[in-house]
Amino acid sequence: MVQLLFTILTDGLIYGSYLFIVAVGMTVIFGVQRVLNVTHGSFYAFGAYLAAYLGGIWYDHELPDFGGFVIIFLAAIVVGVFFGILIERGLLKHLYGKDEHIVVLATFAAFLALEGVGLFIWGTDPYFFYQPQAMLGFVEILGMTYDYYNLSLIVLALIISLAIWYFLSRTIWGRLLRAVIFDREISQAMGVNVTAVFLGTFILGTTLGALSGAAIAPTISVLPGIGVEVIVLAFAVVVIGGMGSIPGALIGSILVGVVRAAAVHEFPQAEMFVIYAIMAIVLVFRPEGLFAPPAVRKI
Amino acid sequence: MSFDRTIIGVTIAVVLMACATFFIPDWVRQIGLLSMAIGSVALGLLVLWRTGLISFGHALFYGFSAYGVALLNHLGVRDAFVLVIVSAAASGLLAWGLGFLVRRYRAIFFALLTMAFSMILYGVLAKTERFGSTDGLNIHPPTFLGYAPVDQAAQITLFLFGLLVVYGLMLGVQIYLRSVLGQMTTAVRENEIRVEYLGYSVEHVIHIKYVISGLLAGFGGAIMALAVGQVDPESMAYWTASGEFVFVAILAGTGNVAAPFIGAVAFEIIRHFAWEHGANLWQLIMGGTLLAIIMFVPDGIWSVLQRLVRKKDGVK
């Protein structure tokens, strides 16, 4: 019994961390720009692909093992900055202030196009990038084997949330960002460069999306279509935690992770839909999300 | 009912297509069948969209009904009329039940809640062995009031059957949209509070729309199940299916009840030819087209057709 509980908690924590890493970028972008960004799935996929591609070259030349970890962050930054600028300047810039459905659909269209582009660049064969995971090895806790790489995702999730918290509450850039979130027009009138803040936020969100893909790549085979499921998972976390709330996303992810782990062990039929069931329940009973800050009514 | 150009136009088009079906090649007829199915769902989205609501989860009703056809079929029901009507009605009933929750939501919350429901259905279908898990179920060829055609005759009969259903749906929606209840549509979109002050319940108006919309998606799913002879969760209930429906609705525009079907035909033709040149091209074309439509022709194909017709009238 203790063992089962422990397994569920650990699995839940790992899966929750995965969800958080995947969804945090979308949450950031939604919080600031009010854009529900479907292209997030593409950033995830491109991050995973670039990491796996570079990793393949790296390990083919039998270069030192730890390089894989550098590659993960490198791939995330390259993909994040490139696509962040491309999508924000090339697409979203023209859509601010339009109907939010239209914005979602435009990002959906961009996602489809990017899926096609991805296929042109990487082809349909899978890429493997297992070395970082293999390098860290395994650990046995209470009779269950875990690999260190999956456990390190928990650490990564913690680092990301602490970094974002520090950025938002302790730096001047974070304060500017919060000012823009609170009231875009007043901030603009006070001389905040909202355009720059939007672009910066978007690049941050994109990089986080790409980082999630790159960080997951060692644990999966990188195939066409990996970004598709990520989108709806991230939607679910954004909704459950409260649209745009980062602490909400963290707690929501872990909640969903633990419930899903419990489902996997005790009621496997529910594994695939339990997240969406929670999402629907949250929307029905607390549509602003579990941890959304009280909304300021604008007249 | 006064003189209605739409009903006359639709009737002529349906009669012409019914005659043409005997002379067109099989693959064209198949495209036609698929377009009828997708078009019915897009018509359902049109009904909602006119109120300013977009559902990202219409695959829920589409998949529910398609699986209804498959399960009834496995129980030994072979008649197309029974299969389609019972399954679509079940979808309508599901929409009625969920409508009590959904009708309170607007904008992005509406879209996300409907999406969550459809993903729950997907999870259930993909994990239940009785429903064939991720492989889905196949469907035995249907009969039509005792008539059991084979090979090409089966496809022709199904095409005529589909035309009949779709014709009924278009007439029904047209009559609904011209009724007082249907004309509340735009009123709700423009100013909900004013509608309430006029003595109508906005939630009631939206609930009815949601049921009609679910019913239409149900008809679409049932036709698709019969046309393909196979149902599976990935193409019937996943969120990407819902995305395709929204794509067709946007492509078509909301100008007319015939528009979703024109949009669906365009969609299926693009898909048919893009697939021949590889799957990667398909997504690129679909994404590019959708972007172009959103940016340059926000009212869809129908608005382009309308402008062409007006220009011609002007020259006369």
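Just one of the listed residues (B:GLU196, B:GLU234) is over 12 Å from the mean Cα position of the chain (by Cα), more than 14 Å from every other protein chain (Cβ to nearest Cβ), farther than 25 Å from B:ALA89 by Cβ and part of a helix (DSSP H, G or I), and it is B:GLU196. Inspection of region B:73-87 finds no residue satisfying the criterion of being more than 19 Å from B:ALA154 (Cα to Cα), more than 9 Å from every other protein chain (Cβ to nearest Cβ), crowded, with 23+ Cβ neighbours inside 10 Å and not hydroxyl-bearing (Ser, Thr, Tyr). Can you tell which of B:VAL265, B:VAL257 is under 24 Å from B:ALA89 (Cβ atoms), in contact (Cβ under 8 Å) with a residue 24 or more places away in the chain and not small (Gly, Ala, Ser)? Answer to the check: B:VAL257. Of all residues in region A:230-253, those satisfying the criterion of being within 13 Å of the chain's Cα centre (by Cα), aliphatic (A, V, I, L, M) and more than 10 Å from every other protein chain (Cβ to nearest Cβ) are A:VAL230, A:ALA234, A:VAL237, A:ILE246, A:ALA249, A:LEU250.
The requirement of being in contact (Cβ under 8 Å) with a residue 40 or more places away in the chain, surrounded by 16 or more Cβ atoms within 10 Å (Cβ to Cβ) and in contact with a Lys or Arg (Cβ under 9 Å, 6 or more places away or on another chain) is fulfilled nowhere in region A:108-119; no residue meets it.
Table: residues versus (1) within 11 Å of chain B (Cβ to nearest Cβ); (2) in contact with a helix residue (DSSP H, G or I) (Cβ under 7 Å, 6 or more places away or on another chain); (3) surrounded by fewer than 24 Cβ atoms within 10 Å (Cβ to Cβ).
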residue	(1), (2), (3)
A:THR195	no, no, yes
A:LEU204	no, yes, yes
A:SER212	no, yes, no
A:PRO218	no, yes, no
A:ALA263	yes, yes, yes
A:GLN269	yes, yes, yes
A:ALA277	yes, yes, yes
A:PHE285	yes, no, yes
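Mind listing whichever residues of region B:120-155 are facing chain A (nearest Cβ under 10 Å), in contact with a Phe, Trp or Tyr (Cβ under 8 Å, 6 or more places away or on another chain) and closer than 29 Å to B:GLN30 by Cβ? If the condition is that a residue be facing chain A (nearest Cβ under 10 Å), in contact with a Phe, Trp or Tyr (Cβ under 8 Å, 6 or more places away or on another chain) and closer than 29 Å to B:GLN30 by Cβ, then B:LEU121, B:TYR122, B:LEU125 are the ones that fit. Among the residues making up region B:84-106, those that are without any contact (Cβ under 8 Å) to a residue 12 or more places away in the chain and over 30 Å from B:THR143 (Cβ atoms) are B:GLY97, B:TYR105.
Tallying residues that are without any contact (Cβ under 8 Å) to a residue 60 or more places away in the chain and buried (at least 16 other Cβ atoms within 10 Å of the Cβ) within region A:127-146 yields 1. Looking only at region A:109-141, residues that are in a loop (DSSP other than H, G, I, E, B) and either more than 14 Å from every other protein chain (Cβ to nearest Cβ) or among the acidic types (Asp, Glu) (or both) come to 6 in all. Filtering region B:192-212 to residues that are of a type outside the set (D, E, K, R) and in contact with a Ser or Thr (Cβ under 7 Å, 6 or more places away or on another chain) leaves only B:ILE206.
Filtering region A:220-231 to residues that are crowded, with 24+ Cβ neighbours inside 10 Å and in a helix (DSSP H, G or I) leaves A:GLY227, A:VAL230, A:ILE231.
Please verify whether region A:88-100 includes one or more residues that are outside any loop (DSSP other than H, G, I, E, B), more than 30 Å from A:LEU9 (Cβ to Cβ), facing chain B (nearest Cβ under 10 Å) and not β-branched (Val, Ile, Thr). Looking for residues that are outside any loop (DSSP other than H, G, I, E, B), more than 30 Å from A:LEU9 (Cβ to Cβ), facing chain B (nearest Cβ under 10 Å) and not β-branched (Val, Ile, Thr), one finds at least one in region A:88-100, hence yes.
Given the condition assigned to a helix (DSSP H, G or I) and buried (at least 23 other Cβ atoms within 10 Å of the Cβ), answer yes or no: does some residue in region B:302-311 qualify? Among the residues of region B:302-311, not one is assigned to a helix (DSSP H, G or I) and buried (at least 23 other Cβ atoms within 10 Å of the Cβ), which makes the answer no.
Scanning region A:43-58 for residues that are within 14 Å of chain B (Cβ to nearest Cβ) and either aliphatic (A, V, I, L, M) or closer than 23 Å to A:VAL197 by Cβ (or both) yields a count of 1.
Across region A:159-180, which residue is farthest from A:VAL28 (Cα to Cα) among those that are in contact (Cβ under 8 Å) with a residue 24 or more places away in the chain and surrounded by fewer than 18 Cβ atoms within 10 Å (Cβ to Cβ)? The extreme case among them is A:TRP173. The residue list A:VAL32, A:VAL70, A:VAL22, A:VAL38 contains one member that is modelled with pLDDT of 85 or more and either part of a helix (DSSP H, G or I) or more than 28 Å from A:GLY248 (Cα to Cα) (or both), which is A:VAL22. Of the residues B:LEU181, B:LEU164, B:LEU158, the single one that is crowded, with 19+ Cβ neighbours inside 10 Å, hydrophobic (A, V, I, L, M, F, W, C) and in a helix (DSSP H, G or I) is B:LEU158. At negative phi and over 18 Å from the mean Cα position of the chain (by Cα) - does that describe any residue in region B:52-70? Checking region B:52-70: at least one residue is at negative phi and over 18 Å from the mean Cα position of the chain (by Cα).
The values are calculated or read from the model by the stated rules, or taken from the named source; none is laboratory data. No experiment lies behind these values; they were computed from the predicted model shown. When we count neighbours, we look across all protein chains shown, and the Cβ atoms used for this are built from the backbone with ideal geometry, even at glycine.
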